[in-house]
Each structure stands twice: as structure tokens, then as C-alpha cells.
Amino acid sequence: MIKKIAIIGGGIAGLTAAIGLKHSGFAITVFEKAKQFSPLGGDIPLWPNGLRVLDKFGLYQKIKAKSGCYPFISIGNEAGDLISKTMVDDFHKIAPYDPINICRHELQAIQLAALESEEIILDKTCIRIEETEEHVIAHFHDGSKFAADLLIGADGAFSFIRNHIEPEYKLEYTGYLSLGGISELPYHIRHNLIFGQYLSGNFPVDGNKHMIFFICKHADCDIHQTYPLLADQLGLFRNHAPILNEMLDNLEQSINKNHGLKNYFFVKNYNLQPLNRWSKNRIVLISDAAHLVGSILGCATSVSLEGVEMLIECLNQSPDNYSIALKKYEVLHKPRATRLLSLERKLAEMLNKNELGDYPSFSDDLISCLKSY
Ligand SMILES: Cc1cc2nc3c(=O)[nH]c(=O)nc-3n(C[C@H](O)[C@H](O)[C@H](O)COP(=O)(O)OP(=O)(O)OC[C@H]3O[C@@H](n4cnc5c(N)ncnc54)[C@H](O)[C@@H]3O)c2cc1C
């Protein structure tokens, strides 16, 4: 019988899993390697499929109150011409919620408020896993350990738990860098997404604040070592189109005004081939630890949240037999993640070849993929 669950990683997926499992009556403990929850990152886009899950766990109204919404997604090129426009009503085919964007730290604060402080233990880096007949035991960097009936690996893209289950799978650099943050927007920007030599986007998050992001090609290197200064990191995205430079200037000013508050992200994007399995005995992977899908599409977190919901459903249906529950979770969620991965690669190819005329039919495919669970 599964009762006690250890969750490794207190990111968005780990915290959502903790909240959902608690609702279902499981005893959960989250172990997070960070010493504190700091306001890190830019924004998180939440699509109807993810909002449905957050609503089920009682978080939707609070999240909506702190988010920005938009009537349509308009896509243009660097010259300002319209490529396509999708009304938010189209997203209702997925689930009856408008897509929204929220600052990552606001979402994190809402999630943390739904948990008791003793349910989250900070400064615990999982460095080893031991399996016995009855338990799975997580060992931490400080010599402590925790025995549970089930262990959930929610430790993100660079997952240690994934290495325990599928050690031969490695992350591959896609050739793209991302930069994003929260800023005011130059008033004359007409499109939410701008496709050109690189992809850029802007969506309202709260009040007059927008999340702004850029994705550009760059050769593989140790990015943070090569570009330790923020100005140099921003420089990588400059000089493609004047309109984008203005967005970058605003973002730079906003970051500098925030005196060290890291409300932006600058990361390399990685591919992960679909894993052969997401679980082994009493250990199971969720979200970025299991699948890196949807970040270019904009629905990564929402797909992760659906996976969390699916895992909880399966555990609720078979609490006495974890191996059936974990198998079922994989059978149900993996095909969707794999299909989205192929759509993501298609979009990357369209961007690469600058062939965006097909975007409207691509967008239809994406929406129909997300609605068919
Ligand atoms: C600091 C940060 C900022 C981000 N900013 C953005 C953003 O602005 N926009 C965006 O779209 N996405 C952002 N992301 C990524 C985004 O949160 C995830 O892609 C998505 O929400 C899925 O979340 P996740 O919980 O699977 O992974 P993550 O959010 O990456 O969370 C994984 C967690 O596991 C912890 N962890 C890792 N290894 C161990 C270990 N061995 N033991 C214990 N804990 C461990 C990490 O510290 C982290 O808190 C950010 C991620 C992080 C960690």
C-alpha cells in the first residue's frame, strides 16, 4: 500500500504533485536542494490543459488573480507583418480556460501557501537512492536519509533521479539559447510572437508588466563562463531588428532596476530523446525529469501538470499496486509527450528554414493534440 511519498525537487511540478497527492490523502515530503525559495525566473505560460489541473487542486482563482491574459495570440515577422492570429476562444477546445502568464515566483508563492512548512525540506540534495523490498530510500548530501513507499523524481531537466533510472540518456544541446524576463513593453509592439532570424515573444503577466523572451541560435559552449556579464548575454540577442533591440533595452533596464532580484532567465535549450521508461520499481519521473517537451511551443509546464494529474489518478486507482499505477501512468502520458516532441521539432525546423506560412495549420495540430487525452 502506497502511503508515504518522497518528492525530490520543489519546482513547479514537484510542488503541484505534493498538493495533488495531499488532496488524495497521501503523506508527502518534498526535498529541495536550494537553501531557500528565491524569486528566480521570468514567467510561466499556463495553457487551459494546465489550468484545469491547477483548478482541480484549488489553485486556479488565486493564480488567475496574479496573472496577465490576452484576447488573442498574434504572430508577426520582424518587419511587423501579420503571419497568423489565434483567438483565445480556439484554446477553449483544449479546456474552458483562457491561457494566462504568471511570474514564476508568484506561482511558486501560491503553491507554497497550499503546503505546510514541515512538508517541504530545503537544502537537501539527493545524491543516492537505495532500494529495498519494502521501501525506497533517498540519501542526501548532508548524510541524512528518508525512507518512503514511493519516490517521485521532480528534479528538473538535469535530473539526478533520471540518471538512476535511465543512465544512458544524455541531454543534447539544441543549438538555441533563450533569454526571458519581466519588463514594460515598447508601446508599438503589435505581435505577441515575432518569428524571424530568431523567435521573440511578449505576453502580459500582471498590470503593465510583460514577459519578454528571445530564442536565438548559438554554437555550443559553456555559456555562463563565456558570458558572465548580463550585458554580454543580452548582446547575443541584439542587432537583428530595431524593434527587438527596444524590447531588449527595456528588459535590461528592468533587470538593472531590480538590484539583483533575478527575475529573468538565460539558458541553453536541450533535447532529450524519449526515455525507454519513466519508472523503475518504486521510483517514478515527472515533468522535465521525464520529458523535455513544449518549451518552444509554450505549453511545457501545462503538459507537465497534466502528467502530474495522470500519475495521481493512477495512484488513486491502484494504491495497493504501485507497479500497475506507474505502468498505467506511462502508457497514458508518454504517447502525448512524444507526439508533442515531434510537433516541437517541426516548429524548430519551420523556424530554421524561415517557413512560417504553415503556422496556422501547425497551430491547429497543436491544439488538437492537446485536447485529445
Ligand atoms: C530557478 C528556475 C527558474 C526558471 N525560470 C523559468 C522561466 O522563467 N520560464 C519558464 O518557462 N521556465 C522556467 N524554469 C523552468 C520551468 O520551471 C520548468 O521547465 C517547468 O516548470 C517544469 O518544472 P519542474 O518542476 O519539472 O522543473 P524545475 O522547475 O526545474 O524544478 C526542479 C527542482 O528540483 C530541484 N533539484 C534538482 N536536483 C535536485 C536534487 N538532486 N535534489 C533535490 N532537489 C533537486 C531544483 O533545485 C528545482 O527546484 C525555471 C526553472 C528553475 C529551476
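Every number here is computed from the coordinates shown, using simple stated rules; none is lab data. Keep in mind the model is a prediction, meaning the values are calculated, not measured. Reconstructed Cβ throughout: ideal geometry from the backbone, glycine too, with neighbour counts over all protein chains shown.
Structure above, values below:
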item: Cα-based helix-to-principal-axis angle, 300-317 vs the chain, degrees rounded to 10; result: 20 degrees
item: Table column - 3J(HN,Hα) (Hz), region 43-50, Karplus curve with 6.51, -1.76, 1.60, x for Gly and Pro; result: 10, 10, x, 10, 9, x, 5, x
item: Most mobile listed residue (C314, C221, C299) in the chain, GNM with C-alpha springs under 10 Å; result: C221
item: With Cα atoms, 0 to 90° folded angle of helix 104-113 axis to the chain main axis; result: 30 degrees
item: Rounded to whole Hz, the Karplus (6.51, -1.76, 1.60) HN-Hα couplings of region 199-205, x for glycine and proline; result: 8, 9, x, 8, 9, x, 10
item: Region 154-200: GluC sites (Glu not before Pro) in DSSP coil with no more than 11 other Cβ atoms inside 10 Å; result: E168
item: Approximate spin-label separation D358-C69, in nm, with each point projected 7 Å along Cα-to-Cβ; result: 3.3 nm
item: Length-normalised contact order of the chain in % [C-alpha pairs under 8 Å, at least 6 apart]; result: 23 percent
item: Most mobile listed residue (A113, A27, A17) in the chain, GNM with C-alpha springs under 10 Å; result: A113
item: Top of K353, K66, K209 by mean-square fluctuation, Gaussian network on the chain, Cα under 10 Å; result: K353
item: Per-residue HN-Hα couplings for region 349-355 [Karplus 6.51, -1.76, 1.60; θ = phi - 60°; Hz; x = Gly/Pro]; result: 5, 4, 5, 4, 8, 6, 10
item: Residues with amide H under 5 Å from that of L46, placed H, sequence gap 5 or more; result: I100, N101, I102
item: Acute angle (nearest 10 degrees) that the helix 12-23 long axis makes with the longest principal axis of the chain, alpha-carbon atoms; result: 40 degrees
item: Estimated inter-spin distance, D249 and F37, nm [label 7 Å along Cα→Cβ]; result: 3.8 nm
item: Within the chain, percent of DSSP bridges classed antiparallel, to nearest 5; result: 75 percent
item: Restraint check, K85/K217; K22/K170; K268/K346; K64/K280, Cα-Cα greater than 28 Å; result: K22/K170; K64/K280
item: Low-density loop positions, chymotrypsin sites (Phe, Trp or Tyr not before Pro), region 110-204 - DSSP coil, at most 12 other Cβ in 10 Å; result: F158, Y187
item: Bins of 5 Å, starting at 0 and running to the largest distance - Cα pair percent for region 256-305; result: 5, 15, 19, 19, 14, 11, 9, 4, 3, 1
item: Antiparallel DSSP beta bridges within region 3-94, as percent of all bridges there, nearest 5; result: 50 percent
item: Region 1-120: C-alpha gyration tensor shape, a/c 1.5 cut-off, then a/b vs b/c; result: prolate
item: Loop GluC sites (Glu not before Pro), region 274-365 (other Cβ atoms within 10 Å of the site Cβ: 12 or fewer; DSSP); result: E355
item: Separation in nanometres of the label points that stand 7 Å from Cα toward Cβ, at K93 and D81; result: 2.6 nm
